[in-house]
Amino acid sequence: MTVTVENLTKIYRSDGGGVVAVDDVSFEADQGELFTLLGPSGCGKTTTLRSIAGLERIDEGTITIDGETVATPGASVKPENRDIGLVFQSYALWPHMTARENILYALKARDWPKDDRDSRIEEVLDLISLPEMGDRYPSELSGGQQQRIAFARAVAYEPSVLLMDEPLSNLDFKQRRRMRRLLLEMLDEVGITTIYVTHDQEEAFEISDETLVLNQGEEAQQGTPQQLYEHPQTPFVASFLGEANLFPASVDAVDRADRRARCTVSEGSTRIEMECTYRDESVLSNPTVVIRPEDIYPEARTDGAAVRETNRWSGTVDHRFYRGSFTQNLVDVGDIQFKIKTDKPVLDEGEDVAIAVDPGDALLVSSG
Amino acid sequence: MSLERDERTVRSRAVELANPRWIPLYVTLLFLGIFLATVVALFAGSTIFGVGNQEGITLELAREVLLSWELARIVFDTVAIGVGAGAISAFIGAVYAWLVIRTDMPFKRAFRVMVILPLSMPFIVKGIGWISVLSPQIGIVNVFFKNTFGFVLFDIYSLWGIIMAIGFGGLPLAFLITEPAVRSIDPSLEEGSRIAGRGLLGTFFRVTLPLLFPAMFSTFMLVLIFALGNFDYPFLLGSAQGGIDTLATEIFQVVRGSPVPKYNVAGLYSIVYVLIAFVAITVYWVTTRKTHKYQTVSGGSRQTVHQLGKWKYLAVAICLFLWGMSFIAPFAGMLFMSLTPRIGALFSLEFTLANYAQLFSIPTLRSVVVNTVAAGFVAGLLTALFATFIAYTSLKYDRFTGLGDYVSTIPLGFPPIVYGLAIFWLVLMLPGVSTLYGTLAPLVLALVFTRLPHGTRMVTSNLIQISDELEEASSISGASWSTTFRKVIVPLIRGGVTNTFLYSFIGSMRELGAVVLLITAGNNVLTNLLLQMYNQDAGALPVVAAGSMMLFLMVLSIVLVYEFAGAGKYTAGA
Ligand SMILES: Nc1ncnc2c1ncn2[C@@H]1O[C@H](COP(=O)(O)OP(=O)(O)OP(=O)(O)O)[C@@H](O)[C@H]1O
Ligand SMILES: [Mg+2]
């Protein structure tokens, strides 16, 4: 089933005014797709999800599930009449019911055929690989097990849409990784349109087909993980998805044929010239340069060969953070500081180094 | 799955309003309606109509009554009793709850169960008990001290006596209010203090008590409001002895104690009384409103207990003392008195069952007992029902938070005896219902009113722990509101609702002030029978004590049935 959200706006009103939690957001999650809502805390992810579930009245816009409008500002289909499942961040398992009873409750409420209920429960318990745990109360289950029961409860009655609100955020790092895999497998098996909320970009990248990044209630950018990472449209998206060097710049000359622009980046008393790429001319009026740390090469790696004329600056290594699989360095070029990522700890603190960036990796985006 | 046509048409409004999810709101409004009607009846009745050839309230009368030193004295006594008793209850409730819940004190479970016991002792019974223990002339302890040391240890017929009796009697209520707060203290806060080098006692005073302050203040205000409104203690320990009068006892005296009932004076006293109570209630409301706002996430956060080591004996001693003052002392006094052949013979160790025989020879006793149980049971059910819906209204509808709070709190502003008077007028003035006068119906109404505020709080403190998401998860699973309410909400608040039913059932059987002005020959209840007997002849104290014992045992048996029936498990509800 397709879920379409058009121009969704949600305002929480209180005595002292209102909070615009979601501001004119639109997107579409296609049949069978895993669509992620990604953004920092407080950006409106949960609110969007709750609006789709019918737990919030919306102030503007339309929400459509499978072609049928389920919510407008004036009217709303009740949650119990929308064909959805929802996994809460807190799991919201009913503490007075066993795992089995939790699932059974949902099956009953959704009028699952009486004779098939038991077998269906076994089926979903198998699906989440907890066939033995059916008779335990939520308090007798670990966080990860509760999470899986919550998932089982949400998919047991085969809703056409599954909503998940940071379902893994209460688990520790290792569990999270394991559950992510498991979740993907389980979702594969049920093949259901899923809208998944997370603030963890790594999680979003690993699982999603399509991601919408939200910022302060507004759409920041939508795309596949790769599109978002490689072609961020705003400094916010660039820095929220992975690490990025961001430098406000002014454009000196433009080469429209190659979509190249020569820019100046200044900070304090330092000014450097930088050859950059852009994708859309509109960014040129007020650009910021985005460079991923892994796209900056210290001279050591060029081995003296093919030394560049452009986009090459000399600096000093200010700091080195050893991170195991990679090393992050801060390199000062005058007052401008670059974050650089190297596979091996090749640079020493205090060392003089030349760094270089391929113009194709210095992307101009609109400062907004 | 189709869009409900709303478009703000009249029809869809009607459909929306017929949605079961609004039932709690409607019940709340119904209650509010009855309540307002009662209030209107009281003021209209005593100001405008008067009774017989007596006038309503005139300016002259108002001046005479309101500007008298007499009134100032009465008001002072009333307020002093409230403040003193509230302070004692708040403190002992916190100490007891913390010891029982957060330490490894021995007999914790027993103390937890026992703390409810004093609730099974009606105030009038406890009053009789305290008289038996600490009356300057005949009290067991005082007689002992007089004979041994030549002085009276403590005169219960005093302001301090009344304050002490109410303050220690407030232990169960104080415990029930403080307990959830004690449980919700994050153990790491206390542990942090101990790791920082503070001893157990230092931690208790520096960390625990401040954390419990909101709950203690809540207790203080509730006991204060209760004490302001209480009729039994000041009547037995003050007014009946002459000397200490409160507004409650004075209202009774001008209506029942004077040859011609002065309803207009009672009306004036009621107004003053309600104003004082409303000040208290406003303070309470304003200060505790915020605590409703945040939800504590439910779930099995781990409880750790403090190791008391050798201090555990002191802890047991403290709990025993507090519980003893709340229960054992008056109980023992009552028991002794009921078995004594004549007043003053307490130390001769002669015992007799004659008092009981005399009690059972009272012809109306059987119907009085039936009335007591029936009124209490129905009042208990209605209180639980109203409390559940009002608590739901105040917590679960964003738009009506204030309303639910207000409805559940505002009845506290009316002392029980004022309810009695108000319902008396309501029944008299409403066309068609005057036939209800003399039946149990007005009693039940008065009982529900008086029990509802605390009852609602009990359900609220339970319901507040049920996160909204549990309800939302149910509707997303496809359940209607009513299914959700029955299958998710009610099972999860069963503890609080059962507590409320019991609290009200027990409380109603004990209640005197609310019903004392509503009783005629046909609807007498045990508390009032005891009062009448004691009032007619103070020498009948041993028979009154026997009757008190009976009332106590009736109430106790209900408590025990619930405790052991398992399903009730009301002590485990928290
Ligand atoms: N019931 C509410 N009343 C008032 N404001 C609210 C309410 N719920 C959320 N908000 C506000 O709306 C904004 C969006 O909240 P939302 O819960 O959707 O964020 P989120 O993206 O899910 O954040 P997180 O990652 O922390 O869960 C926040 O500013 C929040 O404070
Ligand atoms: Mg959220």
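The values are calculated or read from the model by the stated rules, or taken from the named source; none is laboratory data. This one's a predicted model, so the numbers in the text were calculated from it and none came from an experiment. All Cβ positions, even for glycine, are placed from backbone atoms using ideal geometry, and neighbour counts span all protein chains on display. Quick note on the areas: whole protein, heavy atoms, side chains included, nothing else; ligands and nucleic acids left out. Shrake-Rupley method; radii C 1.70, N 1.55, O 1.52, S 1.80 Å.
Within region A:193-217, the residues that satisfy the criterion of being open to solvent by 20 Å² or more (accessible area, probe 1.4 Å) and either away from ligand 2 (no atom under 16 Å from the Cβ) or in a helix (DSSP H, G or I) (or both) are A:Q201, A:E202, A:F205, A:E206, A:D209, A:E210. Just one residue in the set A:E140, A:E202, A:E132 is without any contact (Cβ under 8 Å) to a residue 12 or more places away in the chain, over 27 Å from A:L55 (Cα atoms), within 12 Å of chain B (Cβ to nearest Cβ) and out of contact with any Gly (no Cβ under 6 Å at 6 or more places or on another chain); that residue is A:E140. Considering A:L93, A:L125, the condition of being within 25 Å of A:I195 (Cα to Cα), part of a helix (DSSP H, G or I) and assigned by TED's automatic domain parsing to the domain that holds A:K45 is satisfied by A:L125 alone. Meeting the requirement of 2 or more residues that are open to solvent by less than 20 Å² (accessible area, probe 1.4 Å), of a type in the set (S, T, N, Q) and under 19 Å from B:A387 (Cα atoms), the helices (runs of 4 or more DSSP H) wholly within region B:468-519 are B:494-510. Within region A:208-221, the only residue that satisfies the criterion of being of a type in the set (S, T, N, Q) and either out of contact with any helix residue (DSSP H, G or I) (no Cβ under 8 Å at 6 or more places or on another chain) or not assigned by TED's automatic domain parsing to the domain that holds A:G18 (or both) is A:Q216. Consider region A:50-74 and keep the residues that are in a strand (DSSP E or B) and more than 11 Å from every other protein chain (Cβ to nearest Cβ). The one that is least open to solvent (accessible area, probe 1.4 Å) is A:G61.
Evaluate region B:190-202: report whether one residue or more is open to solvent by less than 40 Å² (accessible area, probe 1.4 Å) and closer than 22 Å to B:G413 by Cβ. No - not one qualifying residue is present in region B:190-202. Screening region A:17-33 for residues that are part of a strand (DSSP E or B) and either away from ligand 1 (no atom under 16 Å from the Cβ) or outside the structural domain of A:I84 (by TED's automatic domain parsing) (or both) and picking the one that is most open to solvent (accessible area, probe 1.4 Å) gives A:E28. Has region B:73-94 got at least one residue that is modelled with pLDDT of 90 or more and over 26 Å from B:Y157 (Cα atoms)? Yes - at least one qualifying residue is present in region B:73-94. Considering region A:1-53, and only residues there that are in contact with a helix residue (DSSP H, G or I) (Cβ under 7 Å, 6 or more places away or on another chain) and of a type in the set (G, A, S), the residue that is nearest to A:A238 (Cα to Cα) turns out to be A:G39. Restricting attention to region A:34-43, the residues that are open to solvent by 10 Å² or more (accessible area, probe 1.4 Å) and either closer than 11 Å to A:K10 by Cβ or more than 9 Å from ligand 2 (Cβ to nearest atom) (or both) total 2. Within region A:96-108, being in a loop (DSSP other than H, G, I, E, B) and more than 7 Å from chain B (Cβ to nearest Cβ) holds for A:M97, A:T98. Looking across region B:468-486, the residues that are within 18 Å of A:Y91 (Cβ to Cβ) and more than 7 Å from chain A (Cβ to nearest Cβ) come down to B:D468, B:E471, B:S474, B:T484.
If you go through region B:420-467 and pick out every residue that is within 14 Å of chain A (Cβ to nearest Cβ) and either at positive phi or not in a helix (DSSP H, G or I) (or both), you end up with 3.
Residue by residue, here is whether (1) of a type in the set (D, E); (2) under 26 Å from the mean Cα position of the chain (by Cα); (3) open to solvent by less than 50 Å² (accessible area, probe 1.4 Å) holds:
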site: A:G268; (1), (2), (3): no, no, no
site: A:T342; (1), (2), (3): no, yes, yes
site: A:E349; (1), (2), (3): yes, no, no
site: A:A356; (1), (2), (3): no, no, yes
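For region A:78-90, give me each residue that is within 7 Å of chain B (Cβ to nearest Cβ), in a loop (DSSP other than H, G, I, E, B) and within 16 Å of ligand 2 (Cβ to nearest atom). Within region A:78-90, A:F88, A:S90 qualify.
When each of A:T47, A:T36 is tested for being more than 13 Å from chain B (Cβ to nearest Cβ), assigned to a helix (DSSP H, G or I) and within 15 Å of ligand 1 (Cβ to nearest atom), the lone residue that passes is A:T47. Selection over region A:5-46 of residues that are farther than 19 Å from A:A220 by Cβ and among the polar types (S, T, N, Q) gives a count of 2.
One residue alone among A:Q221, A:Q227, A:Q233 is at pLDDT 90 or above, surrounded by fewer than 19 Cβ atoms within 10 Å (Cβ to Cβ) and either away from ligand 2 (no atom under 16 Å from the Cβ) or not in a strand (DSSP E or B) (or both), and that residue is A:Q227. Checking each residue in region B:123-169 for being open to solvent by less than 10 Å² (accessible area, probe 1.4 Å) and of a type outside the set (A, V, I, L, M, F, W, C) picks out B:K126, B:G127, B:G129, B:S132, B:S135, B:G139, B:N142, B:G161, B:G167. Answer yes or no as to whether A:P293 is open to solvent by less than 60 Å² (accessible area, probe 1.4 Å), closer than 26 Å to A:L330 by Cα and at pLDDT below 90. Answer is no for this residue. Cβ-Cβ contacts under 6 Å between residues 6 or more apart (or on different chains), taken from a first residue in region A:35-52 that is assigned by TED's automatic domain parsing to the domain that holds A:T194 to a second residue that is assigned to a strand (DSSP E or B) and within 6 Å of ligand 1 (Cβ to nearest atom), are listed as A:G44/A:A21; A:T47/A:A21. The residue list A:D111, A:D115 contains one member that is within 11 Å of chain B (Cβ to nearest Cβ), more than 16 Å from ligand 2 (Cβ to nearest atom) and open to solvent by 30 Å² or more (accessible area, probe 1.4 Å), which is A:D111.
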